[in-house]
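Written out below as structure tokens is the structure these notes cover.
The values are calculated or read from the model by the stated rules, or taken from the named source; none is laboratory data. In this text the structure is predicted, and so the values were computed from the model without any measurement. Cβ sites come from the backbone with ideal geometry, for glycine too, and all protein chains shown count toward neighbours. We work out accessible area using only protein heavy atoms, side chains counted, and drop any ligands, DNA or RNA first. Shrake-Rupley method; radii C 1.70, N 1.55, O 1.52, S 1.80 Å.
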Amino acid sequence: MNITLLNLFKILFFLIIPFSTVILCSVNSYAKGPSPYLPLQMEPLIELELQRLATVAKLPLLTKPYHAATVNRYLKKVVDSHPTLYRRINTYLKRYKKTAALTHASVQLNYANQENIILPNQRGQMADANYQASFTGFWQANQYLIINAGALYYENGEYLRNNTFVSFGADVFQVDIGYREHWLSPFQESSVLLSTQAKPPLSVTISNPNLLTDFNIKYEMSLGILDEQNGILFDNEKPPVSGEPALLTMHFSAQPFDWWTIGFNRTFMFAGGEDSISLGDIWNAIIDPVNSDNCGGGSELEDCSEEFGNQQASISNKFDLNWFDVPFSLYYEYAGEDTNNFSNYKLANLANSFGLFLPYIADSLSLNMEFTTFQSQWYTHHIYGEGYSNDGVIMGHWWGSMKASNNWVGGEAGSIRLDWQNSGDSQISFLYRTANFNQSSFADYQQSHELEMKYHKVIDSNFLTLKLYLGRSNLGDNFVQTGISYTW
């Protein structure tokens, strides 16, 4: 089931083109073009402001990165109620209203006393990388075409082409081809199905910068090729093989009330073996996961060598509320790694996530809290020996990178982040993470504790950041990392 770039485009042609034809036929001559994207897990100061906007303006988005055009439309809602927030985001958005711009550039120096510590949500970067550099930019060639360029390099790592992709289409149907990142969750510090924990694969994505109908409908679908994996075993009577699996993601959300946005997500990891696949196989796996991925028992699929891949699904909720003039957001996500009792409509091997975000405690503080419980089998799979990963790093929640890829253990993880703007040109952030695991025969896991402190200083519209990151890993190793960075 090896899938090549040519096959990828063939699959996309048959899966996406009919859908896109329907959408584009409804686009009138006044439709606008595609939109560039705002940063994702790259610039914490502006990303905090965007999360504040998402709460106070009730932004009906459950995925990231945000389209700049969508944020610009909702920014108008806070002109009078939150003038400082409006000014900061509006000033930042000006760089995206140009024909071409360098939207981000950063250099960072680090020191760490431990190896093998994967930084949360940093595309597989290790804590002991002594330096890193990154940039992003874009050029809008015409109304309907944007060329995006970006890269990240860190010591002992590789040159990541994240944020390098071509965008074209209209504001109700945008196509991105390249290394575009995905975050399938309303949570800020974690995403169970897909996050920036691992580097992005080469993919093709469709989405809508302009939300549809009065219910603010948002859709997103992508198909990508992951790095080569070892230990892929579709047939127990044959030895494991190496191959490049494919990753299909789907998202649909709507806002039934202005205070509630609900979304549905699926990820589907498939192919990578030696047998050929058809579009019918892919379609059957989408509409009937039990009889494609769950062999034996109450399934029509009795031959386990005919299983097609590994699927996950979730239901996301964001509640944007305001009590006693205090705005806040509540998050809840219900996710499953498998089906329950061989039913296509019931999830099993659950992960339940809860979150609370207070964007303004008085005028200078914000607080974000997240907590997730995992049942067994998350990010592991009997077909894929390296689990739900890209380049050896789990693609979902940072909790998954703390255990072996063949360890079917459950557990829980949580985080608390406090941001304090002590003056108009500086900010201090405190982020605490903890994770634990159920008893396992694979390793003697302990509860982990991590504290990340950052001090940000504005210098001539640029940012100087000092970082201290320390804690104890789930294997009982104490670690510390210090860093200094400058962002343009």
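Among the residues of the stretch 358-379, those that are open to solvent by 30 Å² or more (accessible area, probe 1.4 Å) and of a type in the set (F, W, Y) comprise Y360, F371. Looking at (1) in contact (Cβ under 8 Å) with a residue 12 or more places away in the chain; (2) out of contact with any Phe, Trp or Tyr (no Cβ under 8 Å at 6 or more places or on another chain), which one does L145 not meet, given that it meets all the others? L145 satisfies every listed condition except (2). Applying the criterion of at least 3 residues that are at pLDDT below 95 and within 15 Å of E386 (Cβ to Cβ) to the strands (runs of 3 or more DSSP E) found wholly in the stretch 201-260 leaves 229-232, 241-243. Taken over the stretch 68-110, the criterion of being of a type outside the set (K, R), in a loop (DSSP other than H, G, I, E, B) and either touching a residue at least 40 places away in the same chain (Cβ under 8 Å) or within 30 Å of Q132 (Cα to Cα) (or both) is satisfied by T99 alone.
Would you mind stating whether R161 is open to solvent by 20 Å² or more (accessible area, probe 1.4 Å), of a type outside the set (D, E) and free of Cβ contacts under 8 Å to residues at least 12 places away in the same chain?
no
Check whether at least one residue in the stretch 300-309 is modelled with pLDDT under 95, open to solvent by less than 10 Å² (accessible area, probe 1.4 Å), closer than 30 Å to L48 by Cβ and under 25 Å from the mean Cα position of the chain (by Cα), and report yes or no. Checking the stretch 300-309: not a single residue is modelled with pLDDT under 95, open to solvent by less than 10 Å² (accessible area, probe 1.4 Å), closer than 30 Å to L48 by Cβ and under 25 Å from the mean Cα position of the chain (by Cα).
If we keep just the residues of the stretch 441-471 that are within 24 Å of W408 (Cβ to Cβ) and open to solvent by 20 Å² or more (accessible area, probe 1.4 Å), which is modelled with the lowest pLDDT? The extreme case among them is S441.
When you check I428 against the structure, is it open to solvent by 50 Å² or more (accessible area, probe 1.4 Å) and either at pLDDT 95 or above or β-branched (V, I, T) (or both), yes or no?
no
Among the residues of the stretch 385-422, those identified as touching a residue at least 60 places away in the same chain (Cβ under 8 Å) and either among the small types (G, A, S) or in contact with a Pro (Cβ under 7 Å, 6 or more places away or on another chain) (or both) are G385, S389, N390, G392, G396, W398, G400, S401, A413, S415.
Tally up the residues in the stretch 174-190 that are assigned to a strand (DSSP E or B) and open to solvent by less than 10 Å² (accessible area, probe 1.4 Å), please. Here the count works out to 4. Scanning the stretch 111-139 for residues that are assigned to a strand (DSSP E or B) and either surrounded by fewer than 17 Cβ atoms within 10 Å (Cβ to Cβ) or within 25 Å of the chain's Cα centre (by Cα) (or both) turns up Y111, I118, M126, Y131, Q132, A133, S134, F135, T136, G137, F138, W139. Of all residues in the stretch 380-398, those satisfying the criterion of being farther than 9 Å from S195 by Cα, open to solvent by less than 10 Å² (accessible area, probe 1.4 Å) and assigned to a loop (DSSP other than H, G, I, E, B) are T380, I383, G387, Y388. Residues in the stretch 194-204 include at least one that is hydrophobic (A, V, I, L, M, F, W, C) and either surrounded by fewer than 18 Cβ atoms within 10 Å (Cβ to Cβ) or touching a helix residue (DSSP H, G or I) at 6+ places or on another chain (Cβ under 8 Å) (or both).
All of G157, G169 fail the test of being at pLDDT below 95 and on the phi > 0 side of the Ramachandran plot, apart from G169. Among the residues of the stretch 472-488, those that are open to solvent by 30 Å² or more (accessible area, probe 1.4 Å) and touching a Leu at 6+ places or on another chain (Cβ under 7 Å) comprise V480, T482, I484, Y486. Mind listing whichever residues of the stretch 451-488 are free of Cβ contacts under 8 Å to residues at least 60 places away in the same chain, among the charged types (D, E, K, R) and under 29 Å from Q375 (Cβ atoms)? If the condition is that a residue be free of Cβ contacts under 8 Å to residues at least 60 places away in the same chain, among the charged types (D, E, K, R) and under 29 Å from Q375 (Cβ atoms), then E452, R472 are the ones that fit.
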